[in-house]
1. Could you tell me which of the residues Glu57, Glu29, Glu22 is assigned to a loop (DSSP other than H, G, I, E, B) and either in contact with a His (Cβ under 6 Å, 6 or more places away or on another chain) or away from the ligand (no atom under 16 Å from the Cβ) (or both)?
2. May I ask you to say which residue of Pro218, Pro214, Pro148 is at pLDDT 95 or above, of a type outside the set (Asp, Glu), more than 23 Å from Ile26 (Cβ to Cβ) and not in a helix (DSSP H, G or I)?
3. List pairs: first in the stretch 63-80 and in a strand (DSSP E or B), second surrounded by fewer than 23 Cβ atoms within 10 Å (Cβ to Cβ), Cβ under 6 Å, 6+ apart or cross-chain?
4. Just to verify a result, which residue in the stretch 81-92, among those that are free of Cβ contacts under 8 Å to residues at least 40 places away in the same chain, surrounded by fewer than 23 Cβ atoms within 10 Å (Cβ to Cβ) and not in a loop (DSSP other than H, G, I, E, B), is nearest to the ligand (Cβ to nearest atom)?
5. Looking at the stretch 74-121, which of the residues that are of a type in the set (Asp, Glu) and out of contact with any strand residue (DSSP E or B) (no Cβ under 6 Å at 6 or more places or on another chain) is farthest from Gly44 (Cα to Cα)?
6. With the requirement that a residue be of a type in the set (A, V, I, L, M, F, W, C), in contact (Cβ under 8 Å) with a residue 40 or more places away in the chain and more than 14 Å from the ligand (Cβ to nearest atom), what does the stretch 161-175 give you?
7. Please enumerate the residues belonging to the stretch 4-19 that are crowded, with 22+ Cβ neighbours inside 10 Å and either in contact with a Phe, Trp or Tyr (Cβ under 7 Å, 6 or more places away or on another chain) or not hydrophobic (A, V, I, L, M, F, W, C) (or both).
8. Does the stretch 201-241 hold any residues that are over 15 Å from Gly150 (Cβ atoms) and either surrounded by 15 or more Cβ atoms within 10 Å (Cβ to Cβ) or in contact with a helix residue (DSSP H, G or I) (Cβ under 6 Å, 6 or more places away or on another chain) (or both), and which are they?
Amino acid sequence: MAWLPEIRVFPRRQSLLEAAKEFTTIAGEAISKSGTFRVALSGGSTPKALYELLASEYRSRLPWAKVLFFWGDERHVPPDHPDSNYRMANEALLSRIPIKAENVFRVNSENPVAQAAATQYEGILKSVFHLEDSALPRFDLILLGMGPDGHTASLFPKSPALQERSRLVVANWVEKFKTFRITFTFPVLNNAAAVLFLVSGREKAEAAASVLDPTSDPNQFPAKMVQPANGRLMWILDEEAARNLTIH
Ligand code: 6PG
């Protein structure tokens, strides 16, 4: 399939509302089809703003008890650490909606060995998605942000995990932060039924234009390597982040 992302640009507040609408629409479709909605959350301040919206204006739009929550990446810190993506999502969303605790599958990021935490999380995916051998989980939705360097999840430029094609979750050494991050690999991201990038802010404009330029080098911009083989690829950007785009 030709790489054809759905690209939509809005003023900042509207971009969050559009993302919330997309989230609840996809969730509703998944729940009516299979009884559950399996979503992987992202870290970052932009996704956090979406979570706060889902917990407030959109709180009543979803049967939250049918949602299974995962994380596309996590920092190698305990779940109560200020940098924890779990802690951020719990404060912004999970603690404010009627979910089932057993439906929240966080990374065991307090494990002192990052790769062990990644392997444990891979085991959770295999168990919850009932995966055999090398099968891939198919998330109903994976939410992603993008950094100014074009990273997404914890797949940073020139980091080892960019090459991973068999494991579902790995500990990825991030040189610029001198730390490990636990992250989904591209095979998982690209097996999703839908991926939604939510990108805002002028500091993302250059990377967004490079990632969404069909002629650019995917290896230089990891976010460009997210191209679901059989799923929707949506980009919702605010006007600041889209200011360098020629196509939209
Ligand atoms: C993380 C995220 C990361 C984030 C981007 C965008 O663990 O930090 O998963 O990929 O989504 O860096 O973050 P901002 O929206 O804060 O710029």
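The values are calculated or read from the model by the stated rules, or taken from the named source; none is laboratory data. Note that this is a predicted model, so its numbers are computed, not measured. Glycine gets a Cβ as well: all are built from the backbone with ideal geometry, and neighbour counts include every protein chain shown.
1. Working: Glu29 fails: assigned to a loop (DSSP other than H, G, I, E, B); Glu22 fails: assigned to a loop (DSSP other than H, G, I, E, B).
Only one candidate passes the filter, namely Glu57.
2. Working: Pro218 fails: at pLDDT 95 or above; Pro214 fails: at pLDDT 95 or above.
When all the criteria are applied, what remains is Pro148.
3. As it stands, the answer is Leu68/Thr36; Leu68/Asn103; Phe69/Val104; Phe70/Phe105; Arg75/Asp83, since those pairs meet every condition given.
4. Restricting attention to the stretch 81-92, the residues satisfying the condition of being free of Cβ contacts under 8 Å to residues at least 40 places away in the same chain are 81-84, 86-87, 90-91.
Right, trim to surrounded by fewer than 23 Cβ atoms within 10 Å (Cβ to Cβ) and you get 81-83, 87, 90-91.
Checking which are not in a loop (DSSP other than H, G, I, E, B) leaves us with 87, 90-91.
Values: Arg87: 12, Asn90: 14, Glu91: 15 Å.
Per the criteria, the residue is Arg87.
5. In the first step, residues of the stretch 74-121 are kept if they are of a type in the set (Asp, Glu); the result is 74, 80, 83, 91, 102, 110.
With out of contact with any strand residue (DSSP E or B) (no Cβ under 6 Å at 6 or more places or on another chain) added as a condition, the list becomes 80, 91, 102, 110.
Numbers: Asp80: 16, Glu91: 13, Glu102: 24, Glu110: 20 Å.
The residue in question is Glu102.
6. Within the stretch 161-175, the subset of a type in the set (A, V, I, L, M, F, W, C) is 161-162, 168-171, 173-174.
Still in the list and also in contact (Cβ under 8 Å) with a residue 40 or more places away in the chain: 162, 168-171.
Across the stretch 161-175, the qualifying residues are Leu168, Val170.
7. Ser15
8. Hits for the stretch 201-241 are Pro228, Gly231, Arg232, Leu233, Met234, Ile236, Asp238, Glu239, Glu240.
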